[in-house]
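The values are calculated or read from the model by the stated rules, or taken from the named source; none is laboratory data. It should be emphasised that the depicted structure is a prediction, and the values quoted were computed from it without experimental measurement. As a convention, Cβ positions derive from the backbone with ideal geometry for all residues, glycine included, and neighbour counts pool all protein chains shown.
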Amino acid sequence: MKLTRFENPDAVEHLVFKVKPELVEKFIELDHEIWTKELEKCPALVSKEVWVAKDGELHSIIYWSSYEEWKAIDHDALSETQKRFDDAFGVENYEFVAAHHDVNQCYKITEFMVRRENYEHINNYGFC
């Protein structure tokens, strides 16, 4: 277990959605198939996480190598990707709640990772 401090911190995009609880799995699958696969084409992408709350609130946490490279992504491609996602999932099945990064630019400064095998008792959504 080691604390890692990043010399060149990643820019953090933090999106929040409210999804019908019975459609959370479908949202996650389509998000990966449509959004993540599109973002993979961007050299600035470092990684992506999805956090889920019990009530269907989802947080998409995306790490970028720099704020400038992230914001330089082609907006037409992003709009097209959003349209494909909306057509596949249905705009009536989720609500965009917030983009926390629009209020404050955030950066990943440190990371402390515990070995995952210590968490075998946690189910698919991280709830004990």
* Structure fact -> The residue that is nearest to PHE17 (Cα to Cα), considering only those in the range 46-104 that are touching a Ser or Thr at 6+ places or on another chain (Cβ under 8 Å) and among the aliphatic types (A, V, I, L, M), is VAL50
* To do: Could you check how many residues of the range 79-103 are assigned to a strand (DSSP E or B) and either at pLDDT below 90 or among the hydrophobic types (A, V, I, L, M, F, W, C) (or both)?
  => 4
* Structure fact -> Considering the range 43-77, residues that are in a helix (DSSP H, G or I) and under 24 Å from ASN8 (Cβ atoms), and then whichever is nearest to the chain's Cα centre (by Cα), we arrive at TRP70
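Rundown of residues vs (1) surrounded by fewer than 18 Cβ atoms within 10 Å (Cβ to Cβ); (2) over 20 Å from ALA98 (Cα atoms); (3) of a type in the set (A, V, I, L, M), yes/no style:
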| position | (1), (2), (3) |
| --- | --- |
| LYS20 | yes, no, no |
| VAL24 | no, no, yes |
| HIS32 | yes, no, no |
| TRP35 | no, no, no |
| VAL52 | no, no, yes |
| ASP55 | yes, no, no |
| LEU58 | no, no, yes |
| LYS71 | yes, no, no |
* Structure fact -> Among residues of the range 104-124 being in a loop (DSSP other than H, G, I, E, B) and within 26 Å of GLU7 (Cβ to Cβ), the residue modelled with the highest pLDDT is GLN105
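Yes or no, residue by residue, for (1) over 22 Å from ILE109 (Cα atoms); (2) of a type in the set (Asp, Glu):
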position: PHE6; (1), (2): no, no
position: PRO9; (1), (2): no, no
position: PRO21; (1), (2): yes, no
position: LEU30; (1), (2): yes, no
position: ILE34; (1), (2): yes, no
position: ILE62; (1), (2): no, no
position: GLU68; (1), (2): no, yes
* Pair list, Cβ < 7 Å and 6+ apart or interchain, from the range 13-31 residues that are closer than 11 Å to HIS59 by Cα to residues that are β-branched (Val, Ile, Thr) -> GLU13/ILE62; HIS14/ILE61; VAL16/VAL97; PHE17/VAL97; LYS18/VAL97; ILE28/VAL50
* Asked: In the range 87-94, is there at least one residue being buried (at least 16 other Cβ atoms within 10 Å of the Cβ) and of a type in the set (Val, Ile, Thr)?
  -> no
